[in-house]
Amino acid sequence: MAEYFAHETAVVDDGCVIGAGTKIWHFTHIMAGCRIGKKCNIGQNVVISPDVVLGNNVKIQNNVSVYTGVTCDDDVFLGPSCVFTNVINPRSAVNRKSEYAKTHVGRGATIGANATIVCGHDIGEYAFIGAGAVVTKTVAPYALMVGNPARQTGWMSEFGCKLRFDADGFATCPQSGDKYQLKNGIVNKLK
């Protein structure tokens, strides 16, 4: 008996490693060589291409494509219909599989519905990519990114709330009470 659940319409290719408690829903295809952590939830009509790596507790909503070259740390949220690319200049008649660019999504990051992540640009831990954003550059940890092309409009807490820094560079998450410091363009959670 498998330690994970896959709906009867899901396809899981040989050579995948899938952690205990993970759920894979309707019409999803997990391709060969994927490594998926524990307690992940992979929605309907998702494609996870060969050799993708997902950490524990990754949530992937419906209609998401995660292409070869992508890695996601623990607790990443991928919103409905978001997509990753893996080649900068694709052409149908040109095979560029040897040119796949890597994208790493840091722990706790959120990528909103219909967002596009252009390959070769990492997403920092706890970053928040707004719905429909098109990410064309590397994203700092805790950054809030919106628009096309995506631009930074602020900072987010680990709890998912917008941070408002005072003149001294300190902020408190309004829901969790956690404290943060912004110094030299870098946000750190204070202990």
Review point. Tally Lys/Arg at +1 and Asp/Glu at -1 over every other residue whose Cβ is under 12 Å from the Cβ of GLY19; what's the total?
Key: +2
Practice item. For the chain, with a Gaussian network of springs between Cα atoms less than 10 Å apart, report the residue from THR28, THR110, THR138 with the top mean-square fluctuation. Key: THR138
Exercise for review: Would you mind getting me the FRET efficiency between LYS59 and ALA93? Use the beta-carbon distance for r and R0 = 30 Å, nearest 0.05.
Suggested key: 0.25
Practice item. Determine the percent antiparallel among the DSSP beta bridges restricted to the chain, to the nearest 5. Key: 30 percent
Point to revise | Computed E for PHE170/ASN148 - FRET, C-beta separation, R0 22 angstrom, nearest 0.05 | key: 0.10
Practice item. Summarise the accessible area of the chain (1.4 Å probe, protein heavy atoms) by the percent that is carbon and sulfur. Key: 50 percent
Exercise for review: Rank ALA171, ALA140, ALA93 by mean-square fluctuation in a GNM of the chain with C-alpha springs under 10 angstrom and give only the top-ranked residue.
Suggested key: ALA93
Check your understanding: Which value, in Å² rounded to 10, gives the accessible area of LYS137 with a 1.4 Å probe and all protein chains present?
Key -> 100 Å²
Point to revise | Accessible surface, per residue, of the range 35-191 when the full set of protein chains is kept, probe 1.4 Å, Å² | key: 51 Å²
Practice item. Report the calculated FRET efficiency for ASN41 and VAL11 (r = Cβ-Cβ distance, R0 = 22 Å), to the nearest 0.05. Key: 0.80
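The values are calculated or read from the model by the stated rules, or taken from the named source; none is laboratory data. Note that the coordinates shown come from a computational prediction; the quantities given were computed from them, not determined experimentally. We place every Cβ from the backbone using ideal geometry, glycine too, and count neighbours over all the protein chains shown. Note: areas computed on protein heavy atoms with side chains; ligands, DNA, RNA excluded. Shrake-Rupley method; radii C 1.70, N 1.55, O 1.52, S 1.80 Å.
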